[in-house]
Amino acid sequence: MKIAFFDTKPYDKPSFEKYGKQYGVSFKFFETKLTEDTVNLAQGFDGVCVFVNDTVNAAVIDRLHEMGVGLVALRCAGFNNVDMKHAFGKVHVMRVPAYSPYAVAEHTMALLLTSVRRIHKAYIRTRDFNFSLSGMTGFDLHGKTVGVIGTGRIGRVFIDICRGFGMKVLAYDKFPAEGVADGETVKYVELDELFEKSDIISLHCPLTEETYHVIDGKSLEKCKRGVVILNTSRGALVDAEALLAGIKSRKVGAACLDVYEEESDLFFEDFSGHILEDDTLARLISMPNVIVSSHQAFLTEEALENIAETTVKNLVNFQENGQCPNELCFRGDSAEDCKSGKCF
Ligand code: NAI
């Protein structure tokens, strides 16, 4: 089985080569992203392997279909970059639903602690032998209320971590999960209540039409003054312009972003020495209370191994059985099917 692997980074190769060899899947690694301009590179392959910023829109799907390339293996959980409706009946799309929720949840807490305890400032100061503490006052997480939007795999691990810190959790999910609320420290509430009562808000839901800009000017207005916004999910959950305005007006106390609305042309690449064209991102990065990491929450050794193993097994499963448990499809039979990941 031959797979065209797009948007290859050096850290992808070792684990994919290892599992590819083990299961008889050969990968041709392309550094370029999959787009309408590069899709022809997939000619002669059985499938493509793509990541979060590759484009799998209607035009790309049609071209893959024309070339007889029937498999799209996402090496990630989110699939908002795939036109699922258009894919139906043309290409089989499979994903890695879970590879390490701990990687993302722990990174979220790392960002939060860095921000509220000014670790990013301390690191730079002490390297310059500046041992002053002025401007370094943080606040305790213990006793604070964190609003968690999306209580799936990652959201639930993040909730557990927050409980360990003695925080109260207000959760919101379109499909609340059993066993999350404990009647004490964790309870499900409506979004408005979450906005009104949370000191910190963390996003762990997928990007859909419903969740697009769930953090915007209107929702920020409902929030407490000084609210901390954490986004390690998908960039467009947050209206970046509204966030910037909230930071300027001091309504938002801090923001930690592992993802950004317009990240696809920037993140994962080295632009040092270049003039950043994106004024909103440049202004956000210039703020002392904004921390940006470039979509690295998933990047742990454990996650990379799991991603490669599951992706390769997805492909082999499909080849051998004509189906795979991690296939996504657009049928929309019921909310329960959608939630179980079997049907979108
Ligand atoms: P999951 O599928 O286990 O959980 C998502 C949860 O969001 C589910 O409980 C679902 O019911 C809920 N949800 C769906 N629609 C909603 C809505 N309209 N409002 C509120 N909640 C809604 O997914 P998982 O594994 O926890 O991942 C969450 C997100 O994290 C992914 O969608 C992906 O965008 C992001 N992610 C980011 C990574 C990074 O490196 N920064 C890595 C992996 C995932």
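Being over 14 Å from the mean Cα position of the chain (by Cα) and either part of a helix (DSSP H, G or I) or surrounded by 17 or more Cβ atoms within 10 Å (Cβ to Cβ) (or both): is that true of His107 here?
No: the conditions fail for His107.
Scan the range 302-323 residue by residue and report those that are crowded, with 20+ Cβ neighbours inside 10 Å, more than 21 Å from Ala103 (Cα to Cα) and of a type in the set (A, V, I, L, M, F, W, C).
Listed by number, the residues that qualify are Leu315, Phe318.
For the structure I just gave you, tell me whether Met94 is more than 22 Å from Leu230 (Cβ to Cβ), outside the structural domain of Leu141 (by TED's automatic domain parsing) and touching a helix residue (DSSP H, G or I) at 6+ places or on another chain (Cβ under 6 Å).
yes
Can you pull out every residue in the range 180-206 that is at pLDDT below 95 and either within 20 Å of the chain's Cα centre (by Cα) or within 14 Å of the ligand (Cβ to nearest atom) (or both)?
Matches in the range 180-206: Pro206 only.
Output the number of residues of the range 140-173 satisfying the condition of being within 11 Å of the ligand (Cβ to nearest atom), open to solvent by 30 Å² or more (accessible area, probe 1.4 Å) and in contact (Cβ under 8 Å) with a residue 40 or more places away in the chain.
Here the count works out to 3.
Taking into account only those residues within the range 252-269 that are farther than 26 Å from Glu209 by Cβ and at pLDDT 90 or above, which is farthest from the ligand (Cβ to nearest atom)?
It comes out as Gly253.
List every residue pair whose Cβ atoms sit under 6 Å apart, with the two residues 6 or more apart in sequence or on different chains, where the first one lies in the range 224-238 and is touching a residue at least 40 places away in the same chain (Cβ under 8 Å) and in the same structural domain as Ala254 (by TED's automatic domain parsing) and the second, anywhere, is of a type in the set (Ser, Thr, Tyr) and open to solvent by less than 10 Å² (accessible area, probe 1.4 Å).
So the pair list comes out as Leu230/Thr108; Leu230/Ser202; Thr232/Thr108.
Only one residue in Glu178, Glu209, Glu184, Glu196 is among the acidic types (Asp, Glu) and touching a helix residue (DSSP H, G or I) at 6+ places or on another chain (Cβ under 6 Å), so which one is that?
One residue alone meets the criteria, Glu196.
Right, Arg75: among the basic types (Lys, Arg), closer than 27 Å to Arg153 by Cβ and open to solvent by less than 20 Å² (accessible area, probe 1.4 Å) or not?
For Arg75, the condition - among the basic types (Lys, Arg), closer than 27 Å to Arg153 by Cβ and open to solvent by less than 20 Å² (accessible area, probe 1.4 Å) - is met.
The values are calculated or read from the model by the stated rules, or taken from the named source; none is laboratory data. Just so we're clear, the structure is a prediction, and the values are computed from it rather than from any experiment. Methodologically, a virtual Cβ is constructed for each residue, glycine included, from the backbone with ideal geometry; neighbour enumeration extends over all protein chains shown. Calculation scope for accessible area: heavy atoms of the full protein, side chains included, ligands and nucleic acids excluded. Shrake-Rupley method; radii C 1.70, N 1.55, O 1.52, S 1.80 Å.
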